[in-house]
1. Give me a count of the residues in the stretch B:15-27 that are open to solvent by less than 100 Å² (accessible area, probe 1.4 Å) and facing chain A (nearest Cβ under 8 Å).
2. Looking at the stretch A:414-434 only, could you name the residues that are open to solvent by less than 60 Å² (accessible area, probe 1.4 Å), out of contact with any Pro (no Cβ under 6 Å at 6 or more places or on another chain) and not small (Gly, Ala, Ser)?
3. Considering only the stretch A:16-50, state which residues are under 17 Å from residue A:268 (Cβ atoms) and of a type in the set (D, E, K, R).
4. Looking at the stretch A:60-69, can you tell me whether even one residue there is under 28 Å from residue A:246 (Cα atoms), surrounded by fewer than 18 Cβ atoms within 10 Å (Cβ to Cβ) and acidic (Asp, Glu)?
5. Looking only at the stretch A:743-800, count every residue that is within 12 Å of chain B (Cβ to nearest Cβ) and of a type in the set (Val, Ile, Thr) and tell me the total.
6. What residue, among those in the stretch A:736-764 that are open to solvent by 30 Å² or more (accessible area, probe 1.4 Å) and not in a helix (DSSP H, G or I), is nearest to residue A:826 (Cα to Cα)?
7. Residue B:39 fails exactly one of the following numbered conditions: (1) at pLDDT below 95; (2) at the interface with chain A (Cβ under 8 Å from one of its Cβ atoms); (3) within 22 Å of residue A:895 (Cβ to Cβ). What is the number of that condition?
Amino acid sequence: MTKNLRVKSSEYIDETNRISFKFNGKTYHGFKGDTLASALLANDVHLVGRSFKYHRPRGIMTSGSEEPNAIVQINPGNNRTEPNVRATEVEIYEGLEASSQNCWPSVEFDIGGINNFLSPFFPAGFYYKTFMWPASFWEKYEFFIRHSAGLGKSPTSSDPDIYDHRNIHCDVLVVGAGISGILAAKNAAKNNFKTLLVDEKNELGGSTVFENNEFNKINNKTPSEWLKKEIEELKNIKNLEIKTRTSVAAYHQYNYLLARENLTDHLEEKDKTNKIRQRLLKIRAKKVILATGALERPLIFNNNDRPGIMLSSAIKKYSEFYGVACGSKNIFFTNNDSAYESAMSLYNKGINVEAIIDIREQSESKIVKKVKEVGIKIYWSHSIVDTTGYKRLNSISIMKLSSDGTSVTGSKISISCDCLGVAGGWTPAVHLYTQSGSKLKFDEEKKVFLPNQNTSEQISVGSCGGDFKIDEIIKNLNQKLKDTLNINETDLDSIKVEIDHENSKRNIWLLPSDKPLGKTKPFVDYQNDATAKDIKLALREGFRSIEHVKRYTTTGMGTDQGKLGNMHALGIIADTAGVKMGELGTTTFRPPYTPLTFGTIVGRNVGKFFDIFRRTPMNDWHVENKAEFENVGQWKRAWYYPINGETMHQAVQRESKAARESAGILDASTLGKIDIQGSDASEFLNRVYTNAWSKLAIGKCRYGLMLNEDGMVYDDGVTTRLGENHYIMTTTTGGAANVLGKLEDYLQTEWPELDVYLTSVTDHFATASLCGPNSKKILKKIIPDLDLSDENFPHMSFKEANIGSIQCRIMRISFTGEHSYEINVQASYGKDLWKKCMEAGQEFKITPYGTETMHLLRAEKGFIIVGQDTDGTMTPIDLQMDWIVSKKKYDFIGKRSLYRSDTMREDRKQLVGLLTDDPNIVLEEGAQIVSELNQSPVEMLGHVTSSYFSPNLKKSIALAVVRGGKDMMGKKLFVPMENKNINVTVAKPVFYDEKNERLNA
Amino acid sequence: MFLINCPYCGERDQQEFKAGGEAHIERPKQPTELSDDEWAEYLFMRKNIKGVQFERWNHAHGCRKWFNMVRDTSNDEIKAIYKMGEKPPSQ
């Protein structure tokens, strides 16, 4: 049976634009302007979901982002599907589909509902207490727990939408476009502050636009009428940018805020394509004006969670703003006057209000008198003790409340109804305020936490600052605006306000029932099914910290972060433990205020934009020649060049042989290059490298090892002296940026007296490394007039030359052990240089090789790779590189650490070579090394750091770090693998051409 | 996300900067004359206090200059920024 509960047309609902949508497979109709929640309510659908733990039927509770119950899956089965969306925030469009979550097979009949009847067995901490033993069973428990837990389903295919980021800098950011936000933004903009006004809803005005209490007047108009005119005027104000459907998710220090702007979620499927769906706004504001309003609190009583039980303010909004009656027999339950406003709103629209239950003894305000006049029955000093109706509220029972509020007396009265509006007072939305680091203080009179100690340039205005009545709001807003914007007058000076005074208050965090607490279900956190009983149990079990109680009972840990119930939880804890709420404090409010999609967070940084990558000038050639690439730092480096379907192993074997037998060429452009100039450049190098530099002649190259101050190897590379005060340093590919940073650090902070200037020139040069016995002939073909004799251009020296008109710097240095040249040209000539080398090398079958072959060739020579054979715990001594550590230099970075007792231990892990007894077995890099096989526990001596099959030696070779390895030459060790033990022998960490004869071949 | 007033460039977003640990720890001029303990004091020991702390920062993605900052770690208030070599402001 579907009833139509539309009451009277509202200006926010376009009744000429009928929209059909599906909920749980059934088609319904609503109008343009409806949210999913208002459209469902208009169709008399209250039951929309099941609670998390007990699977209790739940309905729509609120009209905004604080909704705990009505969370739905949008567009199930589609790749735009989104779980955990609040039905109160979804604007309907033609073709929208939504479904309930956390129920099976359907929301009407949910097997999990059995948990409700088993609820005595699910106290707070049930999972912690039950699934602890035996510990080994956890994996089995986990499978079932994970299966039954979880709200909604994530999409299984990739997201078709585009997301974006935008940086915004403004003078004033106003968060929330209710009456306070609008007035604040207007006055800021008018005073030439560049102002941004954001609101999470699609319409401006907040709750004031449906404020209908006839006894409240602004300039003799109702507040809603007056504010609508103000909103009209905003259009003509310069300096003001307004963003609706924009929710501030996070407020960080120094007025840095993140907001999510929703652009297409309210559009039909066909209009979503190729548009930005959501945009993350990164806002840096000079001043922030928080006008986030207040959230109405429910009341905590037995069975307060049935579908049909809603916030009083939500019922008012549905009737005034959406033109929807939430029920045909309405009752309100309240501790303040706001429920009377809601009751009058319904009454004026011809909707039946049965009664108002008020826990106060009386109230004298005009609105209360009006309610009495129209004949609505009021039960003073009464409380609801129970409700009935499984899938929809059908009655309430009330009893007289004792004067101390802890018990009920007299006879029980039952009243039938289908909708109950609860009004428990207002909680300022201080979430963003506290995220910014600012501190709250409890206001005993208003029973709320209020902004107290600001840490950044910010103000909280309107109800989020504790001003609930229009006269207070205008007065305080006016003063705060003048103070914070430093202005003398505002629009607000001339506003005249009349208000209906509320003079009676009564606050009871947990309302009593005729039944003992153990037999009742007063829900505090609706989404996670935490009741007052659970909170009291936690206290009995010894939990005291509010943060611990929260985690133990899961109060406030749902997707709504307990926006409705947190204050009650605090109140109940304070009352039970006998402490003041102000002393108890609050739990930490963490971002995001409402959930963000992953898409919004990553923005455009997906696919190939996920991470920055760098390509060398020769990259196109590598791609054309079918190279496979590997990532080295951010660089895409040619890894190997397979021909005719070769595997990596086959390609590397071929490339390695070619480089030693004839000629090979490597793209070495990625090596870090730092240009060092200044009169103290030599002294600087002396201090940063382990070896001596003062005597290096101009035009000569030297290998250097750089340590950290702790004595561990940090980086290495060849540095060339280009002139008296001019060097060029090369670093490892991955270490370039860090080395430059470290050198700058020492120069600026420890040795500012040195006259040295550092410039990164990595990207300015392209480098081709030409190697092999025919490399000299090839270079000769390219640069015929350069004298390449060993006398003129020996190993470890440098020449400048021209290839045609291209200037180049050539270093005769070698990382392979072969006769080789590193040719550097201006980056833009890199590809040209490479092609020239390939052309000239054709007759020698020059073979391009990638990083894998480079690694193999250097391993044959026992040259280390920092970061592969070292891991930040290796000293040069550990690497058996004592030869590079100057004994004469008084100091260099890390020198003192080489003489620490720990770094001088004999049994440190040291670099050695390993040869497998079976030359065909290649060890796995990272494999562990032991000396005993039948020992338990087995002592781990070290691990393999580099391992290859050498085509030139026709056997397997490996480098490893082994404890005390230096003194183990020839010793037999073992590398135990999953299904075999590999016998290995310790060798010197150099396997090929130990005497370096090939360098001059 | 802090807003840091680089003494050379002006106010910039924190993402342009790198934190460099405790400030005013001078590298010993004669390391070889220190005992293991004295050297370890320089090498490893750093304060991590709740409250006002002196720190080094580097405008890594900007002018690359190092400078000092006085920051209250309990609320991230930046109390002062001054150049390398300048005297720290008195507390």
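1. Number satisfying all stated conditions: 2.
2. Within the stretch A:414-434, the first condition is being open to solvent by less than 60 Å² (accessible area, probe 1.4 Å), and the residues that meet it are A:415-425, A:427-434.
Now drop any that are not out of contact with any Pro (no Cβ under 6 Å at 6 or more places or on another chain), which leaves A:415-421, A:423, A:425, A:427-432, A:434.
Of everything in the stretch A:414-434, those that are open to solvent by less than 60 Å² (accessible area, probe 1.4 Å), out of contact with any Pro (no Cβ under 6 Å at 6 or more places or on another chain) and not small (Gly, Ala, Ser) turn out to be A:415, A:417, A:418, A:419, A:420, A:427, A:428, A:430, A:431, A:432, A:434.
3. A:18, A:22, A:32, A:34
4. no
5. The initial filter retains those residues of the stretch A:743-800 that are within 12 Å of chain B (Cβ to nearest Cβ), namely A:743-753, A:757-760.
From what is left, the residues that are of a type in the set (Val, Ile, Thr) are A:749, A:759.
The total comes to 2.
6. My answer is A:760.
7. Of (1) at pLDDT below 95; (2) at the interface with chain A (Cβ under 8 Å from one of its Cβ atoms); (3) within 22 Å of residue A:895 (Cβ to Cβ), only one is false for residue B:39: (1).
So that you can scan it fast, the table gives a plain yes or no per residue for (1) outside the structural domain of residue A:482 (by TED's automatic domain parsing); (2) among the charged types (D, E, K, R):
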{"position": "A:232", "(1), (2)": "no, yes"}
{"position": "A:250", "(1), (2)": "no, no"}
{"position": "A:273", "(1), (2)": "no, no"}
{"position": "A:278", "(1), (2)": "no, no"}
{"position": "A:303", "(1), (2)": "yes, no"}
{"position": "A:310", "(1), (2)": "yes, no"}
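The values are calculated or read from the model by the stated rules, or taken from the named source; none is laboratory data. Please read these numbers as outputs of a predicted model, since none were measured by experiment. In this analysis, Cβ positions are derived from the backbone assuming ideal geometry, glycine residues included, and neighbour counts consider all displayed protein chains. The area values use the complete protein model at the heavy-atom level, side chains included, leaving out ligands, DNA and RNA. Shrake-Rupley method; radii C 1.70, N 1.55, O 1.52, S 1.80 Å.
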